[in-house]
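Engineer: Take a look at the following structure, please.
Derivation of every value follows stated rules applied to the coordinates shown; laboratory data play no part. Computed from a predicted model, the values in this text were never measured in an experiment. Note that each Cβ is placed from the backbone with ideal geometry, even for glycine, and that neighbours are counted across all protein chains shown.
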Amino acid sequence: MPLVPWRQEDGGPRRTQTTPGRLDAAGSTLAVTTRVAPVCTMPFGDDEGLYLLRHSAGEGATSFVERIDPTSLEPEARSPELTGGPVWPGGAAVHDNGSLHVVFGNHAHRLDRDLHVVATTELPRARPYNSFVTLPDGHLVTKDFGGSLPTQQLRPDERQPCELVVLEPDGMAIVDRLELAEPSIARLSADGDDVYVVGDTRLSRVRWNGTRLAVDDDFRAVYRTIDGQTYGWDCVLAAGHAWFLDDGEGSERFNGTLRGNGVSTAPLHLARVDLATGAVALAEVCGRPGGLIANPPVVDERRGVAAGYDSGNGVMTAFALDDLSVLWRREQDHASHLLLYEDSGELVTGDHADVVVLDIATGAELARADTGSGIQSVLFPTPGYERDFYVCSLLAVSRVVVGG
């Protein structure tokens, strides 16, 4: 099967961060091409082109999309400045209708393949909306970001319940809105028409019937039960469970690294929530206070492994899916979303500014290279077109080629 970049962040709404194929990185060198590209969020694309979502900073920030050369990473075309708003990394995707969709700040946009704006919608709240998921019928679901920003610190009692917003994909009109019971910092995940929201204390399931959203009141999964524990981030939907990491408080303190910026006094956990019963199980990643993450774990169903990490303490740990026993643990400063090659079990990770390919079954390091970005990535990778992949930080985008 030929490899192509992900059309949607994390490979799709279930956020499995998994692609078919293999890198065969063991014993090979990694050749890196890096282009300085301040404030980028994610490379994405398909067999028609590779794109890069970027944005500006400050009040009234805007976003824009570049079509970039897959080898040199230099821009081939650029969209106009897209109206944004309050700053937090947004999201972009290639839709089945052939368009590109972007959510950033409190605006959503549809672009054509030449990066011209086709439609724009202002979202209801004057807060950043942190990306979206696309449902099987093509509708987009987005949500306002409920956490602190670098420019606006919120106490827990100041956070407002989040609201889901459904957008029609062609004209980008709002077709439904639903306020939930609590704030949510995490990005949304979805499996079919079921949308999952990691809230401040619980995982909620919201069902879409084609015209309206409704909370599944029979599903109740409270994961925040320990003194000193803080909220979870994005969840992965795999093996009949939702998987995410907690102790997310403090991510706005990022200063080129998440290391040492955690504020949670309870150890950071991998959370596993049974999607049939709502039963919650927690497993400590390293057992230390001061844990911090801003992104999801990864689940390898074929090998029965879930890999999590604590970016505040610089530890990665892998667990068995069935009983959450520890399979391996290593000191490593990983913070970004992950990329798993399904056929080989090769896991693309970070170690501050390095990119590191691991064997997910054993934790063995297969290959490593310095991206040259100088800071830790907390953002999104994507597979490439051959034995290559793309990663980005808030300063640069890189192409990494195995054996290149």
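Engineer: Counting only C-alpha contacts under 8 Å and six or more residues apart, can you give the relative contact order of the chain as a whole percent?
Structural biologist: Here the relative contact order equals 17 percent.
Engineer: Among rounded, prolate and oblate, which fits the chain when a ≥ b ≥ c are the square roots of the eigenvalues of its C-alpha gyration tensor, a/c under 1.5 means rounded, and a/b larger than b/c means prolate?
Structural biologist: rounded
Engineer: Using a 10 Å Cβ count of at most 14 others and DSSP loop calls, identify the longest part of the chain lacking such trypsin sites (Lys or Arg not before Pro). Write down the numbers at each step before the final one.
Structural biologist: Details: sites that count: 113, 212, 220, 302.
Result, exposed sites excluded: 1-112.
Engineer: For segment 132-174 and segment 1-73, compute the distance between their C-alpha centroids and round to whole Å.
Structural biologist: Value for the Cα centre distance between the two parts: 23 Å.
Engineer: Taking 0.36 nm per residue of sequence separation and subtracting the Cα-Cα distance, how much length would be gained by fully extending the chain between residue 154 and residue 220, in nm to one decimal?
Structural biologist: Taking 0.36 nm per residue and subtracting the Cα distance, the gain is 21.1 nm.
Engineer: Decide, for segment 204-263, between rounded, prolate and oblate: order the square roots of the alpha carbon gyration tensor eigenvalues as a ≥ b ≥ c, take rounded if a/c falls under 1.5, and otherwise choose prolate if a/b is larger than b/c, else oblate.
Structural biologist: It comes out prolate by the Cα gyration axes.
Engineer: Using only alpha carbon pairs under 8 Å that are at least six residues apart, calculate the relative contact order of segment 291-348 and give it in whole percent.
Structural biologist: 31
Engineer: Could I ask something else about it? Which of 21, 60, 278 ends up with the largest GNM mean-square fluctuation for the chain, with Cα atoms connected below 10 Å?
Structural biologist: Of the options given, 60 has the highest mean-square fluctuation.
Engineer: If a/c stays under 1.5 just call it rounded; otherwise compare a/b with b/c (prolate if a/b is bigger, oblate if not). Do that for segment 275-344, with a ≥ b ≥ c from the square roots of the Cα gyration tensor eigenvalues.
Structural biologist: Note, shape of segment 275-344 comes out oblate.
Engineer: If you stretched the chain out fully between residue 59 and residue 385, how much longer would it get, using 0.36 nm times the residue separation minus the C-alpha to C-alpha distance?
Structural biologist: 113.7 nm
Engineer: So which GluC sites (Glu not before Pro) in segment 58-99 pass both tests, a DSSP loop state and at most 14 other Cβ atoms within 10 Å of the Cβ?
Structural biologist: 59, 81
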